[in-house]
Each structure stands twice: as structure tokens, then as C-alpha cells.
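Please read the structure below before turning to the comments.
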Amino acid sequence: MATGERIMFRGGKVWDGRADSAVEADLLVEDGVVRAVDRGGLSAVGEALEIDASGGTMIPGMIEAHGHLSFPVVTYAYHIEDTPPEETVLITMHNAKRLIDAGFTGVIGAGSPRIRSEIVIRNEIDAGLIAGPRLMASTPTLTATGGLNDSGQLHQQRLVAALVCDGPDEIRRAVRLCYREGVDVVKLNISGDDFFPRPDGRVTTMAEDEVAMACAMARELGLLVAAHARSAESVKRAVRCGVTIIHHADFCDEEALDMLEGAKDRIFVTPSIGYYHGLIHYSGMSDEMLAGMKVREGMDANIATHKALHERGVRMLIGGDYGLPFMPNGLNAQDVAHLVDYIGLTPVEALRAATWHGGLAMGKGTGLLVEGAPADLLLCNGDPTQDAAIVADAAKLRVIMKGGRLHKAPDGLRAAVAGAA
Ligand SMILES: [Zn+2]
């Protein structure tokens, strides 16, 4: 759509990202922003491309807050680090397309194996040269020696898929280096992960002065900080030091829950329950393997934590580590129904996590369908505020729009140009 063009959605419902339900309304997009939402129906607006929204509901475009666009389809333990940078860039490009095809108009990166693989794709997307969501490019994960993603071993030279940093000075240099190269998000691994024998998810690997330095530098440079934090202590460090997005948070104790509640106006959590769901249902792992990775234990802890956090009013985002082979990129919207089924959110609460809250975390004014907001929106068949699973079925997304541009339009749209007569 060229600047100045208008698109009118008529006859459907609109859910603005915050309200308790969708309402019958027409919606006008002009110059890339939502120009008007009118419950009485918009009358003549001059020349506009008209889209019949009847039987459908417009919602803000979804925002994936735990994006792993640069992950290959992993077939062995060191596949991510062994993938050459050139292939990693192409993988990131293809996954960016998968995400917008699935209704995601925003993605917050959660660790890119190579410093520039998300940056270059973000730049191409922003220039309109390739398809993809608004992408906040992440650093490689910053991890301590022996921490999650430090897959190095003494006897071999491996280019690991992380920046291994020990001490505040090395952290400071890593954040500055990534800033220079163009990242938007600093990703820290503060705890381990049960996917690996050690350090497991109960072990805290990044020291408090390291987390504090990362947050201080990021604040000065205007970068968002997201952290992989499964252990209770890692969550506490994240909260104390000023991390904005806390991924997982499985093993919170009472003190960690209290701290998250106390910081609820400045933090977000991604339960990432999709990771456990995928492991159990789609990984093909035997019960013995799942038990060895303490998967059910981890999932129970994750659910208990996030039920408690939900009751305490802590804001959630969606993102469940999609990009792993048993849960490839493109299925990310399944996380919306997971928040309903596992954590007990209502469909509207889960959609807020996928839209409004994601927009707040990104800080670009997206995630809402209100006058003046960027026109990032989906026209879904039916009403996802009643049935959260709708958004996970790309066939039910009739329209996908980002910044007023139609990424996906209904068949025969051009024949429906209205208003000139
Ligand atoms: Zn992750």
C-alpha cells in the first residue's frame, strides 16, 4: 500500500488488545496507522480499499517475545553452533517469513547464535526487501564459562553459539560490541537448563555483578534486557538488577514470587510452557529420556509458578522456545492456547499476553488497535476472544497487516475497491 492509501474493514468485530471482549466496529487504516475505529460504522471516508470483515474479528498482530528465528532444525547436540553464519542468516530470513505468515507482526529475539544474523534480517525487513515481523535483534546469549550455551571443551576449538563472558568487564565489552553492531536486545543466560546434564535449571551460573553490569550498560545504551532464568536465585538476580523480560522462571520460591510481584510494573514473564508441551508430545523422546531431563518435574514447577504469578497480576508474554525441532518456528501461536489450558488464563488474558503486553515490552506502540497505533493487525475468522486456538490456525487468518501493508489479503480483494464512485 502506498502512502496515503486507505483500507477500510467493514462489518466485522474489533478487539483492541485490552478490552474484555470484541465489539462490532468498522476500522480504517490510513498512512500505516489505525485512523479510526467506530462502533456505529464509518460512513463515507473517500476513496478506500474495502475489506469485508463480516464473520471475522480484527485483533492486533501477535508478538513473539522469545524468538529463536536463527535456530536451524536441530538434528544433533551442536547443530546450532556448527551452522555457518551464512546459513544462519538464511535460516533467520526463512523463519521471519514463517512468523509473519503465522500472524506475528513483532518478534523480540532471545539469543542469536551469531551477532549479526538477526540484525541484517531486521534491516532487510525494515527496508521492505523481505517479508517478516518487526524484529528486535538479539545478542548471542551472554553466558558465563560453563553456563548454558557454552558448549566449548578444552580439547577442541568450537565457535560456540554464545558470547562467553566472565566478570563485569567482559560483560560490559560484550554489550558494547553488540550495541556497536546494531542489536536491540541483550539476552543473558543467568541459570542452566534441564535440556543439558549441567548446569541444570536449578543452577545459577551468572554472578550478580555480571547481571548488574549487563543491565546497567543496556540501560545507558537504550537496549532491552531479556534473561533465561529457571532457578529461583536467577530470577531474583534478574529482578534486582533490572531485567525486563524473564523467560521460564520455573523454580521460583516464595521470595522470588514476591519479588516478581513487587516489580510487576516493570517486568514481564514468558512462561514458555510450549517447550514442555513440545518435549512431552512431539519430541519422540522415551519416558526414560524425559525422566532423565526431569521434564514433568520442570513442567509442574513452571505451571505452579505461573499460576501464582497470574494471580498476583504479573504480566505475561507468549513465546515457548519455538525453533526446536519438535516445535518448529511457525507454531508459535499455540502458546496462546497453552496459557489458557495450562496456566488458567481466559482467552482474552492470553491474547493480551500475545498482543498488548508484547507491544509494551517492545516499546514501539504496537499491540493495540486504537486510533493512532501502527496498523499491525489480523482479521481472524470467528472470534479468538472466545476461542484462543483460532490464532494458531493460519488458515483462519484472512488478513495479516503490518504497518498498514497487507502481507496477506483475502482473495479477489482488488475487485472490492470501493468509495470512488
Ligand atoms: Zn529460549
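Considering Leu369, Leu379, which residue is farther than 19 Å from Thr244 by Cβ, surrounded by 24 or more Cβ atoms within 10 Å (Cβ to Cβ), touching a Phe, Trp or Tyr at 6+ places or on another chain (Cβ under 7 Å) and not β-branched (Val, Ile, Thr)? Give the steps one after another, and end with the answer.
Working: Leu369 fails: touching a Phe, Trp or Tyr at 6+ places or on another chain (Cβ under 7 Å).
Answer to the selection: Leu379.
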The one condition in (1) in contact with a Gly (Cβ under 9 Å, 6 or more places away or on another chain); (2) closer than 28 Å to Gly359 by Cα that Asp194 fails to fulfil
(2)
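Which is assigned to a strand (DSSP E or B), open to solvent by 40 Å² or more (accessible area, probe 1.4 Å) and away from the ligand (no atom under 16 Å from the Cβ), of Glu50, Glu86? Talk me through it step by step, then tell me what you get.
Details: Glu86 fails: assigned to a strand (DSSP E or B).
None of the others qualify; the one that does is Glu50.
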Within region 128-150, track down each residue that is over 15 Å from Pro113 (Cβ atoms), of a type in the set (A, V, I, L, M, F, W, C) and not in a loop (DSSP other than H, G, I, E, B).
Leu135, Met136
So in region 70-81, with the set limited to residues that are in a helix (DSSP H, G or I) and in contact (Cβ under 8 Å) with a residue 24 or more places away in the chain, which one is farthest from the ligand (Cβ to nearest atom)?
Glu81
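Output the residues belonging to region 89-120 that are under 24 Å from Val164 (Cα atoms) and either basic (Lys, Arg) or away from the ligand (no atom under 16 Å from the Cβ) (or both). Step through it out loud before you land on a result.
Our first condition is that a residue be under 24 Å from Val164 (Cα atoms); within region 89-120, this holds for 89, 91-92, 108-120.
Within region 89-120, Val89, Arg114, Ile115, Arg116, Ile119, Val120 meet the criteria.
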Got at least one residue in region 18-27 being over 21 Å from Ala375 (Cβ atoms) and touching a residue at least 24 places away in the same chain (Cβ under 8 Å)?
yes
Qualifying position, being among the small types (Gly, Ala, Ser), within 16 Å of the ligand (Cβ to nearest atom) and surrounded by 15 or more Cβ atoms within 10 Å (Cβ to Cβ), among Gly56, Gly67, Gly32
Gly67
Against the condition away from the ligand (no atom under 16 Å from the Cβ), under 29 Å from Leu49 (Cβ atoms) and open to solvent by less than 10 Å² (accessible area, probe 1.4 Å), how does Ala392 come out, does it pass?
no
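So which of Ser234, Ser191 ends up being open to solvent by less than 40 Å² (accessible area, probe 1.4 Å), in contact with a helix residue (DSSP H, G or I) (Cβ under 7 Å, 6 or more places away or on another chain) and either assigned by TED's automatic domain parsing to the domain that holds Asp321 or at pLDDT below 95 (or both)?
Numbers: Ser234 fails: in contact with a helix residue (DSSP H, G or I) (Cβ under 7 Å, 6 or more places away or on another chain).
Exactly one residue qualifies, and that residue is Ser191.
So which of Gly147, Gly128, Gly103 ends up being in the same structural domain as Val203 (by TED's automatic domain parsing) and in contact with a helix residue (DSSP H, G or I) (Cβ under 7 Å, 6 or more places away or on another chain)?
On the way: Gly147 fails: in contact with a helix residue (DSSP H, G or I) (Cβ under 7 Å, 6 or more places away or on another chain); Gly128 fails: in contact with a helix residue (DSSP H, G or I) (Cβ under 7 Å, 6 or more places away or on another chain).
Within the list Gly147, Gly128, Gly103, the selection yields Gly103.
For residues in region 304-330 being hydrophobic (A, V, I, L, M, F, W, C) and within 14 Å of Pro271 (Cα to Cα), which is surrounded by the most Cβ atoms within 10 Å (Cβ to Cβ)? Outline the logic, then answer.
Looking only at region 304-330, we keep the residues that are hydrophobic (A, V, I, L, M, F, W, C), and these are 304, 308-309, 314, 316-318, 324, 326-327.
With the extra rule that they be within 14 Å of Pro271 (Cα to Cα), the set shrinks to 304, 308-309, 314, 316-318.
Details: Ala304: 15, Ala308: 17, Leu309: 23, Val314: 22, Met316: 24, Leu317: 29, Ile318: 31.
It comes out as Ile318.
Based on what the data block shows, is Asp258 at pLDDT 95 or above and either open to solvent by 50 Å² or more (accessible area, probe 1.4 Å) or not assigned by TED's automatic domain parsing to the domain that holds Phe104 (or both)?
yes
The values are calculated or read from the model by the stated rules, or taken from the named source; none is laboratory data. Keep in mind that what you see is a predicted model, and the values were worked out from it rather than measured. Heads up, the Cβs are rebuilt from the backbone with ideal geometry, glycines too, and the neighbour counts pull from every protein chain shown. Heads up: the accessible areas ignore ligands, DNA and RNA and are worked out on the full protein's heavy atoms, side chains in. Shrake-Rupley method; radii C 1.70, N 1.55, O 1.52, S 1.80 Å.
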